[in-house]
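The values are calculated or read from the model by the stated rules, or taken from the named source; none is laboratory data. Quick caveat, the model's predicted, so the values are computed rather than measured. Because the Cβ atoms are built from the backbone with ideal geometry, glycine has one as well, and the counts that use them run over all protein chains shown.
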């Protein structure tokens with residue numbers, strides 16, 4: 001089991017047209033990374049995601065809730081948004097069979113379906129509630145603050161539906177809160193009503209929380225090996241102990257993207273796994289990278305690369321045209337998989353038709369592998385920066401390792417860019433305006449600022 005990172009096609013000499021990161025730029029980046037590594041290590045006590053892989057107490061409490069629920073429910077409904085939803089979705093897509101929720105109980109080995117409400121669109125919520133038997137459903141309400149407006153709106157609707165489906169005492173037994181250990185509305189409700197609750201450690205932000213009960217509880221409920229998930233993450237954390245770029249994959253990823261952006265104007269960074277199960281991992285990465293690094297520096301300048309998701313080979317027929325011949329402003333990081341459980345043999349038919357004959361006897365796994373390598377080579381031949389993360393299999397160990405790699409890389413990149421990777425001030429103003437318009441107590445200042453904004457001008461409307 002291993003995760004390897006080949007960044008040959010990021011370096012000068014491998015790319016056409018004189019493109020690429022030079023050896024001197026890479027060497028100079030070592031000093032900057034040593035400082036970034038030291039900065040992250042100095043914050044270790046306040047960066048709770050670093051200790052999640054070895055937090056046995058938190059794991060034990062999570063598994064206790066999962067074990068208590070086993071065999072009691074046909075469905076799990078998770079209410080959340082942002083990191084509270086993207087992580088569980090990525091784990092389900094990666095580590096459960098395709099179309100998990102469409103499989104019957106036997107095909108799911110007795111484990112429940114997992115539904116994630118990650119928005120407040122009334123059509124979606126109504127559709128899910130119309131299909132679920134709430135008497136057979138466990139509801140997870142996931143909010144670090146215990147007051148996220150979208151999640152609280154979801155909760156009020158679902159809580160009311162539970163109360164209509166069963167008596168109030170039983171309804172409470174169908175709910176688990178995943179929230180801050182001491183503060184917030186969910187914690188107050190839990191104390192008053194005896195609702196089962198799991199802690200999100202206070203030093204862990206939402207987008208770094210996938211290896212906490214936020215991701216581990218829904219994962220355990222649907223049969224994912226969460227111990228293997230944490231073991232992979234622990235291995236990556238161990239590899240990141242060193243400040244040497246020669247041995248730290250997370251450091252390499254952060255430094256390459258930072259140098260490509262700040263010295264080569266590659267400000268758009270695509271993550272492109274060549275495996276359908278990792279499709280939602282790319283979406284999870286986008287939130288992690290974007291919300292952590294898109295910031296205003298203390299000197300007033302703006303920072304932040306733009307992450308985008310892609311999927312091989314699907315996006316060879318859409319985005320890769322832009323990657324190949326569009327502006328020289330992108331990097332592409334592939335995730336390549338060996339050791340696929342089902343290579344998908346391609347039958348030998350129509351041997352008289354050249355366009356088909358060459359495929360016979362090969363496998364779909366080989367096809368994906370060749371297409372990934374061909375795309376990487378084609379990009380390099382056009383001077384386009386790209387690198388490849390290689391994993392041996394799509395399993396809990398490797399997915400845990402990848403997630404921890406990206407979390408560590410994000411922390412390092414925050415230091416390299418000179419921003420705080422662990423806050424999100426740009427999100428707060430919009431939240432405060434929404435609270436003001438909804439009449440949430442304590443929003444008077446935001447209401448005044450909102451009221452002072454220019455009103456829509458009919459001249460600029462068609």
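Structure values in brief
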{"item": "Residue that is nearest to the chain's Cα centre (by Cα) [pool: residues in region 76-112 that are over 22 Å from residue 150 (Cβ atoms) and crowded, with 18+ Cβ neighbours inside 10 Å]", "result": "94"}
{"item": "Residue satisfying all of: in region 35-51; assigned to a loop (DSSP other than H, G, I, E, B) and within 18 Å of residue 415 (Cα to Cα); farthest from the chain's Cα centre (by Cα) among these", "result": "43"}
{"item": "Output for region 264-276, where each listed residue is out of contact with any strand residue (DSSP E or B) (no Cβ under 9 Å at 6 or more places or on another chain) and either farther than 30 Å from residue 24 by Cα or part of a strand (DSSP E or B) (or both)", "result": "276"}
{"item": "Given (1) surrounded by fewer than 18 Cβ atoms within 10 Å (Cβ to Cβ); (2) touching a helix residue (DSSP H, G or I) at 6+ places or on another chain (Cβ under 8 Å), index of the condition residue 214 fails", "result": "(1)"}
{"item": "Filter result for the condition that a residue is in contact with a helix residue (DSSP H, G or I) (Cβ under 9 Å, 6 or more places away or on another chain) and either loosely packed, with under 14 Cβ neighbours inside 10 Å or under 30 Å from residue 243 (Cβ atoms) (or both), over 135, 124", "result": "135"}
{"item": "The lone exception for residue 456 - which of (1) surrounded by 14 or more Cβ atoms within 10 Å (Cβ to Cβ); (2) part of a loop (DSSP other than H, G, I, E, B) it fails", "result": "(1)"}
{"item": "Any chance residue 83 is within 24 Å of residue 118 (Cα to Cα), out of contact with any strand residue (DSSP E or B) (no Cβ under 7 Å at 6 or more places or on another chain), at pLDDT below 95 and in the same structural domain as residue 141 (by TED's automatic domain parsing)", "result": "yes"}
{"item": "Candidates 426, 442, filtered to the one that is touching a helix residue (DSSP H, G or I) at 6+ places or on another chain (Cβ under 9 Å), part of a loop (DSSP other than H, G, I, E, B) and not assigned by TED's automatic domain parsing to the domain that holds residue 336", "result": "442"}
{"item": "Residues being in a helix (DSSP H, G or I) and either free of Cβ contacts under 8 Å to residues at least 24 places away in the same chain or in contact with a helix residue (DSSP H, G or I) (Cβ under 7 Å, 6 or more places away or on another chain) (or both) - total across region 9-34", "result": "12"}
{"item": "Any hit, region 358-367, residues being over 24 Å from the mean Cα position of the chain (by Cα), exposed (fewer than 13 other Cβ atoms within 10 Å of the Cβ) and assigned by TED's automatic domain parsing to the domain that holds residue 16", "result": "yes"}
{"item": "Odd one out for residue 97, checked against (1) in contact with a helix residue (DSSP H, G or I) (Cβ under 6 Å, 6 or more places away or on another chain); (2) without any contact (Cβ under 8 Å) to a residue 24 or more places away in the chain; (3) outside any helix (DSSP H, G or I)", "result": "(1)"}
{"item": "Test for residue 62: is it modelled with pLDDT of 95 or more, crowded, with 17+ Cβ neighbours inside 10 Å and either in contact with a strand residue (DSSP E or B) (Cβ under 9 Å, 6 or more places away or on another chain) or within 26 Å of residue 411 (Cα to Cα) (or both)", "result": "yes"}
{"item": "Near pairs, Cβ below 7 angstrom, 6+ apart or cross-chain, from region 55-68 (over 11 Å from residue 212 (Cα atoms)) to any residue that is in a helix (DSSP H, G or I)", "result": "63/220; 65/217; 66/217; 66/220; 66/221"}
